[in-house]
Structures are given as C-alpha cells and as structure tokens.
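Notes to accompany the following structure.
The values are calculated or read from the model by the stated rules, or taken from the named source; none is laboratory data. Source: prediction; values computed, not measured. Note: ideal-geometry Cβ built from the backbone for every residue, glycine included; neighbour counts use all protein chains shown. For the accessible areas, the whole protein counts, side chains as well, though only heavy atoms, and no ligand, DNA or RNA atoms are used. Shrake-Rupley method; radii C 1.70, N 1.55, O 1.52, S 1.80 Å.
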Amino acid sequence: MGNTRRVLVRSSERQKYALTSDEDSADFWGFAHEAEGLFTPLPEGDGTRRVRLAKCLPKGGLQKSVDHIGSRRAVAGNAWLDLLDADGATMGSYFVNEVTVIDVKPSICGAGLVDLTMTLWCEAALPGADLVWDLVRKGHLSRTGMWCELACEDKRAWLSVALQSSQYRRRGKPASSAGQVFTVDGRRIVDRDSFYCAIGEAINGPGGYFGWNLDALEDCLRGGWGATTPFSLHWDFSAESRARLVECVPTARGDVSLFDLFLEIFEGRGVSVILR
C-alpha cells in the first residue's frame with residue numbers, strides 16, 4: 001500500500017521539500033524549495049534520476065556529501081523525501097535510494113542557500129504527480145471529477161498522489177461507520193484507473209484514495225481507509241461501466257471481466273453493490 005512517513009517539520013521560508021536519512025531519523029538533511037527532475041520520466045538504462053534541489057540548505061549527512069563531491073564519500077545514502085504543505089506539515093513522502101551529490105552552486109537567493117544537484121533512484125515519483133501535489137498543497141483539490149479529463153498515464157499519477165497523501169488529507173477524520181451508502185458515477189469510468197479514481201472519490205471525497213490495483217482495493221476493504229464494511233455501493237450508470245470494463249483478468253476459475261471481478265471483490269468483503 002506504500003510507505004509514507006508522517007512527521008511535522010517547519011521552515012520559515014515555506015520550503016516544499018525536506019530530506020531525512022533513512023538510517024537515522026535524527027539525521028535531518030535539510031529543506032529545498034524545488035526538486036527539479038524528480039517528476040520526469042525514468043531515464044532508460046540504469047534508471048537513475050538527476051535531481052536539482054533549488055534553494056537548499058544542506059545539513060547533516062547531506063552536507064558531509066557536499067564536502068566530498070567527486071569522491072566515494074559524496075554518496076549520502078538512502079533517505080525519505082517529504083513533500084510539505086504551506087505550514088511545513090508532511091503531505092506525503094518518497095523513499096529515495098543512493099542519493100549522491102554531484103554538483104553544488106550558490107543560489108541566487110543568497111542567505112547561504114545552494115542549488116544542489118544529485119543523482120538518486122525513485123520509481124514512485126511519477127511524471128505529472130508534481131501538478132497534483134501542487135493542488136493538494138494549495139487546497140485546490142476540492143471538486144469531484146477533476147481527474148476525468150486526464151490522459152491514462154496522468155490518471156496513474158493522480159492515483160499515486162491520492163495514495164501518498166491519503167493519511168494527510170484524512171487526518172483527524174474517522175472512517176465512516178458500517179452501514180453507510182456510497183454512490184459511484186459509472187459514466188466517468190472508462191478503464192481500470194478511472195474506476196479507482198471514481199471509487200476513491202466516492203468514498204473519500206475529491207482526490208480520495210480507495211485502492212489503485214486489485215490487491216490494494218482488497219486491502220482498503222479490510223478497513224482503515226475511509227469505509228467500514230458492511231456498506232452499500234450504488235453504482236449509477238453501471239451498464240456503461242460494464243460495457244467498458246471488459247478487460248479479461250485471469251483467475252483460478254478462468255478469465256473474468258474486470259467489471260465482474262470488481263463485483264466479486266466487493267461482495268466477498270461484505271459490500272452490497274446496487275447496479276442502477
């Protein structure tokens with residue numbers, strides 16, 4: 001279901017990112033205002049991203065790596081890259097591997113800040129996700145159906161942010177009690193990812209998460225993700241969804257259409273699905 005640390009960090013400059021060593025949570029590596037290159041397509045070959053942290057004030061293990069650019073000691077190691085809201089609270093986090101500092105230059109903003117270039121591994125940061133994170137940060141992810149016009153690959157980025165930010169966006173809000181009724185609009189469901197966008201929104205509101213693959217959907221139905229079984233799901237315009245979700249999924253009983261498999265998963269977990 002993803003690894004997301006939840007910590008509270010603050011910066012008077014309202015930085016957007018923070019880095020902390022994975023090996024030692026007390027080893028804080030510093031803030032950065034931008035992380036250019038993080039949300040680009042994975043390069044072919046070894047998959048290493050080249051990321052430029054703008055307006056960065058390196059600390060701890062990261063500063064030690066800055067002092068040894070060009071040597072083996074420039075490898076800082078693995079870390080958590082936190083995405084921060086305007087108050088410095090962590091909205092979500094990415095695990096980044098083999099952070100290695102390769103260049104550092106003074107920032108035009110001065111005040112001891114630098115623009116720091118590093119290489120790292122991070123498959124979870126999908127292209128387009130930065131735009132969704134900006135909506136979360138600014139509080140603009142507030143309307144239903146904002147995902148509907150996205151391209152297929154951008155829906156995947158939308159879902160990745162919905163997952164990573166789910167605890168942040170639901171903080172302090174208890175899961176719905178058993179017996180609730182949720183409604184999903186079948187007209188918006190045209191493929192697998194749009195189903196997950198729609199069900200997440202139906203249960204947890206705009207930008208909500210309730211799975212982004214079959215295993216994750218089953219995990220959500222076990223509780224703790226905004227809905228408690230048993231509950232009822234009213235699937236409006238279900239005939240349109242059935243006509244589109246025709247992808248065949250191999251099961252122990254043979255191939256099953258994606259639409260019918262969704263129904264089986266729901267009903268097997270105590271969800272009463274009303275097709276309308």
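Where the second residue is acidic (Asp, Glu) and part of a loop (DSSP other than H, G, I, E, B) and the first is surrounded by fewer than 18 Cβ atoms within 10 Å (Cβ to Cβ) and lies in the stretch 249-266, which pairs have Cβ atoms under 8 Å and are six or more apart or on separate chains?
SER257/GLU247
Matching residues to (1) open to solvent by 10 Å² or more (accessible area, probe 1.4 Å); (2) of a type in the set (Lys, Arg); (3) touching a helix residue (DSSP H, G or I) at 6+ places or on another chain (Cβ under 9 Å):
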{"site": "THR40", "(1), (2), (3)": "yes, no, no"}
{"site": "LEU62", "(1), (2), (3)": "no, no, no"}
{"site": "ALA74", "(1), (2), (3)": "no, no, yes"}
{"site": "TRP80", "(1), (2), (3)": "yes, no, no"}
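Residues in the stretch 71-97 that are at positive phi and free of Cβ contacts under 8 Å to residues at least 24 places away in the same chain: how many?
0
Read through the list (1) closer than 15 Å to MET118 by Cβ; (2) at pLDDT 95 or above; (3) crowded, with 17+ Cβ neighbours inside 10 Å; (4) not small (Gly, Ala, Ser), then give the number of the only condition that THR90 fails.
(1)
Having 1 or more residues that are open to solvent by 20 Å² or more (accessible area, probe 1.4 Å) and among the hydrophobic types (A, V, I, L, M, F, W, C) is the bar; report the helices (runs of 4 or more DSSP H) wholly within the stretch 100-203 that clear it.
The helices (runs of 4 or more DSSP H) meeting that bar are 129-138, 152-164.
LEU233 - would you say it is in contact with a strand residue (DSSP E or B) (Cβ under 6 Å, 6 or more places away or on another chain), part of a helix (DSSP H, G or I), in contact (Cβ under 8 Å) with a residue 40 or more places away in the chain and not β-branched (Val, Ile, Thr)?
no
Return a yes/no flag: does the stretch 176-198 have any residue that is touching a Pro at 6+ places or on another chain (Cβ under 8 Å) and at positive phi.
yes
Scan the stretch 125-179 for residues that are without any contact (Cβ under 8 Å) to a residue 24 or more places away in the chain and closer than 16 Å to TYR196 by Cβ and jot them down.
LEU150, ALA151
Does the stretch 18-36 include one or more residues that are polar (S, T, N, Q), open to solvent by less than 30 Å² (accessible area, probe 1.4 Å) and touching a residue at least 60 places away in the same chain (Cβ under 8 Å)?
Looking through the stretch 18-36, at least one residue is polar (S, T, N, Q), open to solvent by less than 30 Å² (accessible area, probe 1.4 Å) and touching a residue at least 60 places away in the same chain (Cβ under 8 Å).
If you check GLY77 against the conditions, is it part of a strand (DSSP E or B), among the small types (Gly, Ala, Ser) and closer than 30 Å to SER194 by Cα?
Against the criterion (part of a strand (DSSP E or B), among the small types (Gly, Ala, Ser) and closer than 30 Å to SER194 by Cα), GLY77 does not qualify.
Looking at the stretch 212-234, is at least one residue open to solvent by 50 Å² or more (accessible area, probe 1.4 Å) and over 30 Å from TRP133 (Cα atoms)?
Yes, there is a match, as at least one residue in the stretch 212-234 is open to solvent by 50 Å² or more (accessible area, probe 1.4 Å) and over 30 Å from TRP133 (Cα atoms).
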